[in-house]
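Take a look at the structure set out below.
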Amino acid sequence: MIEFRIPEPDPIEAAVIEWVQAADLYRDGELVREGVNLLGSNEAAAKAWGSALAGRLREPIDREGLTEFLLSREAAQHVRAYSSAPAIAEGILVMLKSKGLL
């Protein structure tokens with residue numbers, strides 16, 4: 001009998017994938033946009049972006065570092081952050097902290 005094992009999803013990756021569908025964006029601690037769908041219905045892009053972010057978030061990072069990563073080629077190929085990068089970065093950090101993942 002062949003047994004397939006599906007690995008447990010990374011909790012940060014799963015939280016980011018869920019968050020991008022209804023993202024709350026913050027600027028300097030204030031909620032500036034609520035429930036923004038950053039990817040439309042592109043689930044493959046959400047998974048790729050979530051994986052890239054989870055990889056980067058395994059190391060300590062602050063809002064500025066995450067903003068820089070969001071504007072990098074690796075992250076920007078999935079989600080184009082441009083001027084919203086600081087609000088997206090802060091939103092991700094707020095969400096992950098509220099879930100106890102950071």
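The values are calculated or read from the model by the stated rules, or taken from the named source; none is laboratory data. Not measured: the values here are computed from a predicted model. With ideal geometry, Cβ positions are generated from the backbone for all residues, glycine too; neighbour counts draw on all protein chains shown. These area figures cover heavy atoms from the full protein model, side chains too; ligands, DNA and RNA do not enter into them. Shrake-Rupley method; radii C 1.70, N 1.55, O 1.52, S 1.80 Å.
Could you list all residues from region 17-46 that are β-branched (V, I, T) and either open to solvent by 40 Å² or more (accessible area, probe 1.4 Å) or not in a strand (DSSP E or B) (or both)? Walk me through how you get there before you give the answer.
To start, the set of residues in region 17-46 that are β-branched (V, I, T) comprises 17, 20, 32, 36.
Across region 17-46, the qualifying residues are I17, V20, V32.
Look at region 1-38 and say how many of its residues are closer than 25 Å to E59 by Cα and touching an Asp or Glu at 6+ places or on another chain (Cβ under 7 Å).
Residues meeting the conditions: 3.
Just for region 46-102: of the residues that are touching a helix residue (DSSP H, G or I) at 6+ places or on another chain (Cβ under 6 Å) and acidic (D, E), which one is modelled with the lowest pLDDT?
The residue in question is E74.
Only residues that are without any contact (Cβ under 8 Å) to a residue 40 or more places away in the chain and open to solvent by less than 20 Å² (accessible area, probe 1.4 Å): list them for region 70-102, please.
First, the residues of region 70-102 that are without any contact (Cβ under 8 Å) to a residue 40 or more places away in the chain: 70-78, 80-83, 85, 89, 93, 97-98, 100.
Of everything in region 70-102, those that are without any contact (Cβ under 8 Å) to a residue 40 or more places away in the chain and open to solvent by less than 20 Å² (accessible area, probe 1.4 Å) turn out to be L70, A75, A81, A85, A89, L93.
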